[in-house]
Amino acid sequence: MRMELHILGTSSARPTGHRQVSGSLLQCEEGIMVIDAGEGFQMRYANQRKRLKLHDKGNTLRASRVHVVCLTHGHLDHTWGLLPWMHTMALDKRETPLLILGPTSSEVFDAVLNGDAIPASAPSAELARQIRGWQELGATTESLGYSVRWILGDVSANRWLEMGDDGGATLLDTMPQPKGWKKNRIQPLATHHTVPSCAWMLESKGGAGKFNRLKAAELRLTDEQKGQLSSGNDITMADGTLLKADDFRGQERPNTRIVVSGDTAEMADGITSISDVDVLVHESTFIDEAQQWADEFLHSTSTGAARTALACNARHLVLTHFSARLKNAIIPLSEAKDLFDSSDVSVSAADDGDRIKISENGAISHLVWSDDGWSS
């Protein structure tokens with residue numbers, strides 16, 4: 001596995017009988033990032049862990065591996081499950097530091113940085129308001145017992161600050177990355193919604209393929225010889241046989257990019273300004289006949305999500321965040337497929353509990369959850 005996304009909520013605005021609100025976990029080899037945590041997130045997270053224990057033993061989502069939470073915006077269906085879950089982790093004696101990132105407006109950014117009151121013109125769902133409220137309710141390093149960093153960003157201007165537990169704020173040079181992550185990098189992508197918003201991209205650096213330890217063992221190579229080959233150096237054996245380093249490496253790993261949007265109108269600048277995306281997980285709240293509602297509330301239709309996928313040269317599009325009025329995703333999936341009729345982009349529709357995997361060789365698979373496990 002190179003990356004694996006666990007989609008734990010696919011409904012927009014409110015839960016339905018079979019869909020919950022937004023919340024996902026994205027695994028990479030260095031840890032886990034959470035993207036949004038709407039109402040009831042910790043229960044959905046616990047259920048996914050139980051499913052893995054029963055149906056995919058060895059694949060775990062331990063809370064100690066969660067290093068960062070990335071919020072796409074401040075609407076409560078994307079944030080309201082965060083605080084209870086943080087308190088649960090404190091009860092479970094969490095020790096791992098937690099980094100929390102989210103977008104704000106230039107106006108609020110300046111006010112927070114200067115120690116001023118949040119402007120009355122800022123929306124009620126402004127993340128800065130929520131963070132201050134959560135801190136008052138004990139979401140601090142001292143109260144929780146583990147390190148918490150609250151980071152707000154004026155994403156378009158690439159300005160970042162840290163909201164301290166004492167009510168102050170500190171200007172940062174850059175957006176922090178999860179502690180210890182070196183091969184994977186998180187990047188915000190500005191989106192267009194009724195409140196400050198962004199998508200989040202996880203990019204994994206490519207590199208040489210895995211060293212073939214079995215082949216080296218069969219040849220009874222010394223540790224020094226294995227080290228030379230692993231470093232890319234050819235070696236000559238005592239009998240004159242030349243061993244080439246390339247023969248001991250698997251297929252070279254490409255760079256890998258997965259983008260997860262929050263609520264946004266189609267063709268958001270931050271997403272369309274990048275290219276070569278492997279997987280784009282994009283909201284598709286409305287079907288085409290409700291385009292006027294998508295325009296008014298700055299959401300996307302399924303074909304709008306498809307147009308965005310084409311613009312960022314995505315290999316695969318995953319539709320999510322469906323209106324509660326939709327009983328299933330048959331119509332949005334069909335509409336997106338029609339737009340891709342003459343392209344190589346593939347598309348699927350997400351249900352709660354589904355997993356999107358990108359393997360070491362770049363292959364993409366959508367694993368669909370049912371009561372007896374996952375199937376592709």
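Any read-out appearing in this document is the output of simple, stated calculations on the displayed coordinates, not a laboratory observation. What you see is a predicted model; the values in this text were computed from it and never measured. Virtual Cβ from ideal backbone geometry, glycine too; neighbours counted across all protein chains shown.
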Cα extents of the chain along the three principal axes, largest first, in whole Å?
-> 80, 52, 41
Asserting the computed 222 nm helical MRE of the chain (DSSP H runs at least 4 long, -39500 (n - 2.57) per run, divided by residue count, to nearest 500) equals -7000 deg cm²/dmol
Pull up the DSSP beta bridges for the chain and report the antiparallel fraction as a percent, rounded to 5.
-> 65
Cross-link pairs Lys57/Lys183; Lys183/Lys244; Lys53/Lys337; Lys205/Lys226; Lys93/Lys179 - those with Cα-Cα distance over 29 Å | Lys53/Lys337
Largest-first semi-axes in Å of the equivalent ellipsoid built from the Cα gyration tensor of region 153-256 are 48, 16, 10
Hey, fewest Cβ within 10 Å first, where do Ser342, Ser300 land in order?
-> Ser342, Ser300
Quick one: dipole size for the chain, taken about the Cα centre, charges +1 on Lys/Arg Cβ and -1 on Asp/Glu Cβ, in debye to the nearest 20.
-> 1360
Treat every Asp and Glu Cβ in region 96-212 as -1 and every Lys and Arg Cβ as +1, leave all other atoms uncharged, and give the resulting dipole magnitude about the Cα centre to the nearest 20 debye.
-> 840
Semi-axes in Å, largest first, for region 66-175 (Cα gyration tensor, √(5λ)) are 22, 14, 13
Arrange the following residues from fewest to most other Cβ atoms within 10 Å of their Cβ: Thr60, Thr285, Thr194.
-> Thr60, Thr194, Thr285
In the chain, with Lys and Arg counted as +1 and Asp and Glu as -1 at Cβ, which of these residues, Ser204, Met163, Thr191, has the Cα nearest the positive end of the dipole, that is, farthest along it?
-> Ser204
Gap separating the Cα centres of region 189-246 and region 20-77, nearest whole Å = 28
Simple Cβ-charge dipole of region 1-56, Lys/Arg +1 and Asp/Glu -1, about Cα centre, in debye nearest 20 | 300
A correct Karplus calculation of ³J(HN,Hα) over region 21-28, with 6.51 cos²θ - 1.76 cosθ + 1.60, θ = phi - 60°, whole Hz and x for Gly and Pro, returns 7, 4, x, 9, 10, 10, 8, 9
Select from Leu82, Gln135, Gly353 the residue farthest towards the positive end of the dipole of the chain; place +1 on Cβ of Lys and Arg, -1 on Cβ of Asp and Glu, and compute about the Cα centre.
-> Gly353
